[in-house]
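Input: a single structure, listed below in structure tokens.
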Amino acid sequence: MSERIDEGTIKGAVDFVKIKGMETILMQMKKSICKIDGKLMGTGFFCRIKYDNKDIPCLLTNFHILDKEYIKKNSKIGISMNDNKINEDIIINEEDIIYQSIRNEYDLIIIKLKEGKDYMNNIIYLELDDNLFNKNSLKGYKSNSIYILHYPNSQDASVSYGNGITLDNDHKYDIQHKCNTSSGSSGGPILNLSTNKVIGIHKGCIQKKDGTKYNIGTFLKEPLEEIKNTKINNQINNDNLYNDFNIELKEPIHILNYHTGTVSCLTRLNDGRLVSGSMDGSIIIYNKETYKPDLIIKEHSDQVNCIIQLSSGILASCSDDNSIKLFNIKGNKYEILQNLNYHTKPVYQIIELKNKTLVSCSEACSIIFYVKDNIKYKKDYQISTNGNCWDIIQTKDNEICYNEDNNETICFYDLLERKVKASISNISTCNMIMMTKDLLLITGKNKTSIINVNNYKLLRIINVPEASYIFGVCILNQNMLLTGDWENTIRQWRIEGDNLILVSKKENAHDSWITSLVNLGNGNIVSGSFDKTIKIW
């Protein structure tokens, strides 16, 4: 194992300026990079990127240089270029961010620049390599073939030469390179020596337990293909927000504090009562008038991850204790009907299909299907997944969709043929819900993805840069939905075709991140949080 550190100095690379004929190129290249004064000091570079059928002037750097505090309305980012004697404050809003990926992924942010600024007359835009290498194309890539442009120690613009790139097997998104770097180098472009075009971005330094260090970067191929092949929208322009939610979220009408652990899931019973599950292992059913507990169930020994009511009226729950439990609820009393103990690790979700089959997914990289044999459910069959499976949803009569955590892939599984029919990669998944009968909505890290389940096409990615993870989601009606995230914020979205338009947001809705949302159907919505509270709005 190795430890990621912010910056470091890697010694021993060849002196770039000794390469014949490169001194003139170097002078031009220095006009293509800038020092960035953000949360940290770093390097940025200028490229023109194909976006929305236009060549857009952009500034690229590492996400960790700016971090989320700089991704908001009227943020100022200081840039400077020593050779051009440029010192400029770039004003950005959320809509200027056409791509961002957090530190543990590509660690990349792409900012659309406003045309017509004086400083833009003095910069040179780097070209992107037509081949745009990715990890799969490293085989056979020549050594002694890359260099980076950067501001080491935030001093003068400089260039460092390296003898090739290799995979970093310890970190999913990273490549290793051997160019000289130091503090301030993060965000510098990695260029192909034979073409003098950009193939990637330098991220920082890795230190292993034995004390050895090596540099890491990431290729730009995947992020730029994502921009090219999808409609990416940043719907966080506060100037276009309505003042209030259609469902009022000004102040909660009830705050419930009955759990001793994080509120992990919420649902609504057929009789209108609210049900909650918690990390404390308990399930609480609330009186729909007073919101005081009608019934507290303490049958799980670990966190309750999901609660659903089956078409038969049976309450089903799954837990980190590896079990699924089925309850018969009668008023303020309950009885356990069955324990399903087929999983060997935490069970994250359970759903009931239209044909009454139960399906559950687990940390054990498995999905299990159950059929009813007279009164009891029994295991029918099991499929394996590539990594933890967090979420499953029925998308068609004979199809489910599930996620594979190891490769951030969602799979569409044919229930009749019992095989994966289609899959889409690079989809971060926290929650899935059918937005319409044809459109699947997937919330994840900083973004929401919309997929057409008829042709399995990724239609749109809606970036929410200020939301680290989007866990809670619920449909209000055919035109509106809500999301809740790790930034303690509830957002209301208007559904327009295959797009979502941000209508409003309630910041600081809880004291910690929002885990779940549910529509009670009576004009109220409910949010649950890591702060152990439930709020009725």
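Assorted remarks:
- Residue under evaluation D391, criteria (1) charged (D, E, K, R); (2) buried (at least 21 other Cβ atoms within 10 Å of the Cβ); (3) more than 26 Å from N341 (Cα to Cα), criterion not met: (3)
- Pairing residues of the stretch 435-446 that are more than 11 Å from T483 (Cβ to Cβ) and assigned by TED's automatic domain parsing to the domain that holds C401 with residues that are in a strand (DSSP E or B) and among the small types (G, A, S), at Cβ distances under 7 Å and at least 6 apart in sequence or on separate chains, gives I442/S449.
- For the stretch 432-455, the tally of residues that are of a type outside the set (A, V, I, L, M), at pLDDT 85 or above and either touching a strand residue (DSSP E or B) at 6+ places or on another chain (Cβ under 8 Å) or buried (at least 23 other Cβ atoms within 10 Å of the Cβ) (or both) stands at 5.
- Residues that are among the hydrophobic types (A, V, I, L, M, F, W, C), exposed (fewer than 15 other Cβ atoms within 10 Å of the Cβ) and more than 25 Å from G484 (Cα to Cα) occur in the stretch 361-373; there is at least one.
- Taken over the stretch 373-382, the residue count meeting the criterion of being aliphatic (A, V, I, L, M) and modelled with pLDDT of 95 or more is 0.
- Qualifying residue in the stretch 377-384 (condition: surrounded by fewer than 19 Cβ atoms within 10 Å (Cβ to Cβ) and assigned to a loop (DSSP other than H, G, I, E, B)): no
- Residue within the stretch 381-388 that is in contact with a Phe, Trp or Tyr (Cβ under 7 Å, 6 or more places away or on another chain) and within 25 Å of L269 (Cα to Cα) present: no
- Members of the stretch 385-423 that are outside any strand (DSSP E or B) and either among the charged types (D, E, K, R) or not assigned by TED's automatic domain parsing to the domain that holds N339 (or both): D391, D397, D405, E408, E417, R418
- Applying a threshold of 7 Å to beta carbon distances and a minimum spacing of six or more residues, or different chains, the list of pairs starting in the stretch 276-304 at a residue that is touching a residue at least 60 places away in the same chain (Cβ under 8 Å) and ending at one that is β-branched (V, I, T) and buried (at least 16 other Cβ atoms within 10 Å of the Cβ) reads S276/V263; S276/I284; S276/I534; S278/T262; S278/V263; S278/V304; Y291/I536.
- Looking at K345, K372, just one residue is in a strand (DSSP E or B) and in the same structural domain as S317 (by TED's automatic domain parsing), and that residue is K372.
- Extreme residue, nearest to T290 (Cα to Cα), among residues of the stretch 254-270 that are part of a loop (DSSP other than H, G, I, E, B) and not hydroxyl-bearing (S, T, Y): N257
- Out of G277, G281, sole residue that is among the small types (G, A, S), assigned to a strand (DSSP E or B) and under 33 Å from the mean Cα position of the chain (by Cα): G277
- Qualifying positions in the stretch 456-470 - in contact with a Phe, Trp or Tyr (Cβ under 7 Å, 6 or more places away or on another chain) and either crowded, with 18+ Cβ neighbours inside 10 Å or more than 20 Å from T395 (Cβ to Cβ) (or both): A467, S468, Y469
- Verdict on I98 being surrounded by 21 or more Cβ atoms within 10 Å (Cβ to Cβ), at pLDDT 75 or above, among the hydrophobic types (A, V, I, L, M, F, W, C) and not in a loop (DSSP other than H, G, I, E, B): no
- Criterion (in the same structural domain as S449 (by TED's automatic domain parsing), among the hydroxyl-bearing types (S, T, Y) and at pLDDT below 75) met by exactly one of Y173, Y242: Y242
- Out of N305, N328, N355, sole residue that is surrounded by fewer than 19 Cβ atoms within 10 Å (Cβ to Cβ) and not in a loop (DSSP other than H, G, I, E, B): N328
- Some residue of the stretch 332-343 being surrounded by 19 or more Cβ atoms within 10 Å (Cβ to Cβ) and among the hydroxyl-bearing types (S, T, Y): no
- The single condition from (1) over 18 Å from R48 (Cβ atoms); (2) surrounded by fewer than 17 Cβ atoms within 10 Å (Cβ to Cβ); (3) at pLDDT below 70 that N131 fails is (1).
- Leading residue by the ranking (nearest to the chain's Cα centre (by Cα)) among those in the stretch 476-529 that are among the basic types (K, R) and farther than 19 Å from H254 by Cα: R491
The values are calculated or read from the model by the stated rules, or taken from the named source; none is laboratory data. All of these numbers come straight from a predicted model, not from anything done at the bench. Cβ sites come from the backbone with ideal geometry, for glycine too, and all protein chains shown count toward neighbours.
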